[in-house]
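Worksheet: one structure, shown below.
The values are calculated or read from the model by the stated rules, or taken from the named source; none is laboratory data. Given the structure is predicted, the values throughout are model-derived calculations rather than measurements. All Cβ positions, glycine included, derive from the backbone under ideal geometry; neighbour counts span all protein chains shown. Accessible surface areas use protein heavy atoms only, side chains included; no ligands, DNA or RNA. Shrake-Rupley method; radii C 1.70, N 1.55, O 1.52, S 1.80 Å.
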Amino acid sequence: MNFTYLIEKKAFMEHITLSKATAADWQTIRDLARATFFETFAAGNTEADMAEYLEETFNDTKVQSELQVADSQFYIAWDDKTPVGYLKVNTGPAQTALQDADSLEIERIYVKSSHHGKKVGQVLYEKALEVARHQQKKYIWLGVWEENPRAIRFYEKNGFVAFDKHIFKVGTDEQIDIMMRKELE
């Protein structure tokens with residue numbers, strides 16, 4: 001199923017299409033994941049830690065396996081025929097930390113740097129919100145690196161509040177993620 005959104009940005013229209021990823025999309029997800037994670041975090045991490053994290057987290061086998069998890073869903077954002085971002089949401093036991101039946105975790109929203117500021121992240125977030133509401137979840141939660149002020153502002157703007165912290169390892173580096181949540185009506 002495809003979802004089309006027209007996004008107004010200044011004086012032009014950006015046409016973004018979302019598609020729910022299937023097992024056949026594993027290479028697209030892998031390539032987006034590796035590229036967007038690197039673009040977002042390479043400057044704040046060592047080359048060795050980045051290489052280890054990318055290989056451990058976004059290798060072919062792991063991505064293919066993640067796409068098979070019943071309680072996880074992936075969505076790909078397309079600009080025409082070019083993938084420009086993706087979303088991964090988890091419920092139930094697929095959640096990375098809380099595993100609360102009343103919640104949906106946004107594990108990943110990543111957008112290529114070429115499309116920052118074009119509302120692609122907002123479209124992906126709104127899809128997560130739609131999934132949570134459809135599944136009648138009481139709240140959405142996520143973890144965001146404490147040294148990623150752009151993402152923190154994005155989530156605060158969308159009504160999320162910090163409620164805890166946890167460790168997120170990138171290679172050998174233990175980093176602090178701020179856990180944030182948004183109650184749903």
Residue count, the range 102-135 (criterion: modelled with pLDDT of 95 or more, of a type outside the set (Asp, Glu) and not in a helix (DSSP H, G or I)): 9
Between a residue in the range 135-147 that is farther than 13 Å from GLU105 by Cβ and any residue that is aromatic (Phe, Trp, Tyr) and open to solvent by less than 80 Å² (accessible area, probe 1.4 Å), which pairs come within a Cβ distance under 7 Å, given they are 6 or more apart or on different chains? TRP145/PHE168
Among (1) more than 20 Å from SER103 (Cα to Cα); (2) assigned to a strand (DSSP E or B); (3) open to solvent by 30 Å² or more (accessible area, probe 1.4 Å), the one test that GLN175 misses: (3)
Per the filter on the range 31-83, residues in a helix (DSSP H, G or I), within 14 Å of ALA21 (Cβ to Cβ) and not hydroxyl-bearing (Ser, Thr, Tyr) are ASP31, LEU32, ALA33, VAL63, GLN64, GLU66
When every residue in the range 136-163 that is open to solvent by 90 Å² or more (accessible area, probe 1.4 Å) and assigned to a helix (DSSP H, G or I) is compared, the one farthest from ASN45 (Cα to Cα) is LYS157
Only one residue in ALA97, ALA101 is among the small types (Gly, Ala, Ser), open to solvent by 40 Å² or more (accessible area, probe 1.4 Å) and farther than 27 Å from GLU55 by Cα. Which one? ALA101
Total residues in the range 22-74, condition surrounded by 15 or more Cβ atoms within 10 Å (Cβ to Cβ) and in contact (Cβ under 8 Å) with a residue 60 or more places away in the chain: 13
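Conditions tested, residue by residue: (1) polar (S, T, N, Q); (2) modelled with pLDDT of 95 or more; (3) out of contact with any helix residue (DSSP H, G or I) (no Cβ under 6 Å at 6 or more places or on another chain).
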| site | (1), (2), (3) |
| --- | --- |
| PHE37 | no, yes, yes |
| ASP49 | no, yes, yes |
| THR57 | yes, yes, yes |
| THR61 | yes, yes, yes |
| ASP71 | no, yes, no |
